[in-house]
Every structure is written in structure tokens, then in C-alpha cells.
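Report on the structure given below.
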């Protein structure tokens, strides 16, 4: 199981819900690799106001592929938006950990193809298309699992 260290205080979602969701997403997306993954999850006030995004993730070690990551997410997100945002960032962790996505010289490397930083359109990036596309399914699977466990 991945190691998750949570810093900060979510305003609308309990830390245990957040931890359980991230653990499930990482286990689901990375299976055998998940015990090697370490995540520092920073829940930050005004993250959306300051960055115009709900959250982000960056590898925080130089290993290739990386195994340690920092996720930053806005503290004021409601339950659904928080869990969906975390699902999105966990897809990016999967991409980095499986060497699908990496930082290259002057751009992003997606499956070995360079996408220069100055020519990247968020909505057209294949790594974002995958993450956005997987958000609803991951959320629904997680929510269904939680509902069954709480019944």
C-alpha cells in the first residue's frame, strides 16, 4: 500500500476519506507498484485562487521512474470535487511511475514524444485527456465501494 502523508486541513471533506480514496486510486492504477509509492498531500487554502486549478502533482525525487510525489489540492473543495481532483492527480502519478509522462528538455515527454512547454494546450495534451477521461469512472467506482462498505 502506498504511503500517504497529509498536511493541511480540508474544510469540507474528512482526512480519512481523502486518505482512503488516494490509497484506493493508487492501488487500482498501479497495483504491484503501489507499495513503492510515497505521496505528500498538501491541502492548501486558496490554492484555486492562486493557481486557477483545483490541484496538481509533481514528482519529488530524481528516480526514474519517480516513486515520491507531492499533490497539492485546494482545501475548500466539496466532497465530489475533492475526490475527482485527487483521482485526476493519481492518474498523473500512474503516468509518471510507468514512464508514460516525464519532464524533458524544454517540454513534456509523453511516451517518448516531446511536447514543448510553449506549445502545450492543456485540453489537447494526451496525458490530460487520459486523466480527465478517467476521473468519472474512478470516482464512481470509489463511491460505489464506499457505499457498499458503509451499508
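No lab work stands behind these numbers, since they all come straight from the coordinates. Small disclaimer: the values here were computed from a predicted structure and weren't measured. Here Cβ is always computed from backbone atoms with ideal geometry, including for glycine, and neighbour counts include all displayed protein chains.
A quick yes/no check of all residues on (1) touching a strand residue (DSSP E or B) at 6+ places or on another chain (Cβ under 8 Å); (2) over 25 Å from residue 144 (Cβ atoms); (3) surrounded by fewer than 18 Cβ atoms within 10 Å (Cβ to Cβ):
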| site | (1), (2), (3) |
| --- | --- |
| 41 | yes, no, no |
| 48 | yes, yes, no |
| 58 | yes, yes, yes |
| 79 | no, no, yes |
| 92 | yes, no, no |
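So which residues in the range 16-34 are surrounded by fewer than 15 Cβ atoms within 10 Å (Cβ to Cβ) and more than 16 Å from residue 91 (Cα to Cα), if there are any at all?
The answer is 16, and nothing else.
Are any residues in the range 106-145 assigned to a helix (DSSP H, G or I), farther than 17 Å from residue 56 by Cβ and touching a strand residue (DSSP E or B) at 6+ places or on another chain (Cβ under 9 Å), and if so, which ones?
Passing the criteria: 118, 119, 126.
Find the strands (runs of 3 or more DSSP E) located wholly in the range 1-102 whose residues include 2 or more that are under 13 Å from the mean Cα position of the chain (by Cα), and list them.
It comes to 38-44, 55-59, 68-74.
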